[in-house]
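The values are calculated or read from the model by the stated rules, or taken from the named source; none is laboratory data. Being a predicted model, the structure only gives us computed values, none of them experimental. So basically every Cβ, Gly included, is an ideal-geometry build from the backbone, and we count neighbours across all protein chains shown.
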């Protein structure tokens, strides 16, 4: 398989500015470095096909490939080749309409081989602005322009110009003499006076209350007690109270609100001993700091007799959990007859020779899990054999970006144990992306390499039992 190691896309200044004063070619220079499967520079003449896609991964050319062209004979000298995009045999028009969106990827096919991944197309820094253009749909600054929105520049006046009233048409009569004779503006009222309209003109006059009605009646939601108004029973409902306007200090213990004064399904109480609402539906036991729902004898801080519904559960402090990967779950990367997994309740594995053998086990942890340790278990009861190679890793693979990160690595120094005790080695160093666990972005796995030294001996007496992953959770999110 060929490898395209280095490539660049050079965009000429003012690309596709078809009306620019200087003629700008609708071409983009593409340069690449081509290596053979052994990493050597290629020298050949081959065809090169280029395609522009709106998706980096899709194979649906009818929907996502918006342009393609072919160069049937391209010289590759010491691995280097150059082509001009826009000069080949095309399967579309190479112009500015291809780049109305920033998400464009270039696919390169050398001979019959399509190289991957596709490369995102970007602009060089001096292609980001055009200093001179005949036509600009929009511009932040234009020091010189012949027309603006189709109008000749001579039709526009400077922002600093002035006009006299006589130069304008349709001016009201009161403005044409350049005198501000607004009556309200000329009034100068004394303290206690207001500008009042008499029906014919504005004048200053004393503010006098002419309402002599002293008979009042309470409207909806109010009641009149003597000469005072107060809110009537049932006048205020939940829809009339804005969120956050009532705080605990507004309903204090000194308010002496009894249970008979509280109606409805919700209430805020401060400083209480015992209070029941709607019989056994809600019981607040302030003396013991306990709440019962659906029964009146709570036995914990929150005692619910029934089904609860929640998006997540948050612990007061992080809780530690464990996930054990048995040796049976570690499958070799390819067919390996020398990696033996014993399928019984002991669940261990060993190698039939002394060479290191690599295997992999998928790791499924809940979202938000904070990895804290990786501990692996092994056994050596053979005096002539010892564990010569042991390396265990938890890896997070970013599927979308096609990158992998090691988040925990276990690489202990082991010798010949020669006893029947199962030993363990642990590592609490966690680094790299993927921690805490993010199952939407990453796929997780535990990899292990196991090999022996010494011999001859009984290989099955040197065993790998599996690895334990330790993680903390401070919140459990429910699907």
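Only one of (1) at pLDDT below 75; (2) over 38 Å from the mean Cα position of the chain (by Cα); (3) exposed (fewer than 11 other Cβ atoms within 10 Å of the Cβ) is not met by residue 266, so which one is it?
The number of the failed condition is (2).
Restricting to region 159-184, name every residue that is at positive phi and modelled with pLDDT under 70.
Selection gives 178 alone.
Out of 465, 442, I need the residue that is under 23 Å from the mean Cα position of the chain (by Cα), in the same structural domain as residue 377 (by TED's automatic domain parsing), at pLDDT 80 or above and surrounded by 14 or more Cβ atoms within 10 Å (Cβ to Cβ). Which one?
Working: 465 fails: under 23 Å from the mean Cα position of the chain (by Cα).
When all the criteria are applied, what remains is 442.
Within region 280-317, take every residue that is closer than 26 Å to residue 367 by Cα and exposed (fewer than 10 other Cβ atoms within 10 Å of the Cβ) and give me the one that is farthest from the chain's Cα centre (by Cα).
Across region 280-317, the extreme among qualifying residues is 307.
Quick one: is residue 375 part of a strand (DSSP E or B) and at pLDDT below 80?
Values: part of a strand (DSSP E or B): yes; at pLDDT below 80: no.
Criteria not met by residue 375.
Cβ-Cβ under 6 Å, sequence separation 6+ or interchain: first residue in region 338-349 and over 15 Å from residue 378 (Cβ atoms), partner surrounded by fewer than 16 Cβ atoms within 10 Å (Cβ to Cβ). Which pairs?
Close Cβ pairs satisfying both conditions: 338/352; 338/353.
If you scan region 80-92, which residues turn out to be part of a loop (DSSP other than H, G, I, E, B) and either surrounded by fewer than 12 Cβ atoms within 10 Å (Cβ to Cβ) or modelled with pLDDT of 90 or more (or both)?
Of all residues in region 80-92, those part of a loop (DSSP other than H, G, I, E, B) come to 86-88, 91-92.
Residues satisfying the conditions do not exist here.
Just checking: which of the strands (runs of 3 or more DSSP E) contained wholly in region 276-372 hold 3 or more residues that are closer than 30 Å to residue 464 by Cα? Reasoning before the result, please.
Working: elements: 282-285, 290-293, 302-304, 312-326, 339-342, 348-351, 357-362.
Those strands (runs of 3 or more DSSP E) span 312-326, 339-342, 348-351, 357-362.
Applying the selection to region 49-79, what residues are part of a strand (DSSP E or B) and within 30 Å of residue 399 (Cβ to Cβ)?
Taking region 49-79 and keeping what is part of a strand (DSSP E or B), we get 49-53, 65-77.
If the condition is that a residue be part of a strand (DSSP E or B) and within 30 Å of residue 399 (Cβ to Cβ), then 49, 50, 51, 52, 53, 65, 66, 67, 68 are the ones that fit.
Confirm whether residue 297 is modelled with pLDDT of 85 or more and over 24 Å from residue 369 (Cβ atoms). Write out each step before concluding.
Values: modelled with pLDDT of 85 or more: no; over 24 Å from residue 369 (Cβ atoms): yes.
The answer is no for residue 297.
Pull out all pairs, ordered by first then second residue, where Cβ-Cβ is under 9 Å, the residues are six or more apart or on different chains, the first lies in region 106-119 and is outside the structural domain of residue 83 (by TED's automatic domain parsing), and the second is in a strand (DSSP E or B).
So the pair list comes out empty.
Which of the residues spanning region 390-403 are surrounded by fewer than 17 Cβ atoms within 10 Å (Cβ to Cβ) and modelled with pLDDT under 85?
Selection gives 391, 399, 400, 401, 402, 403.
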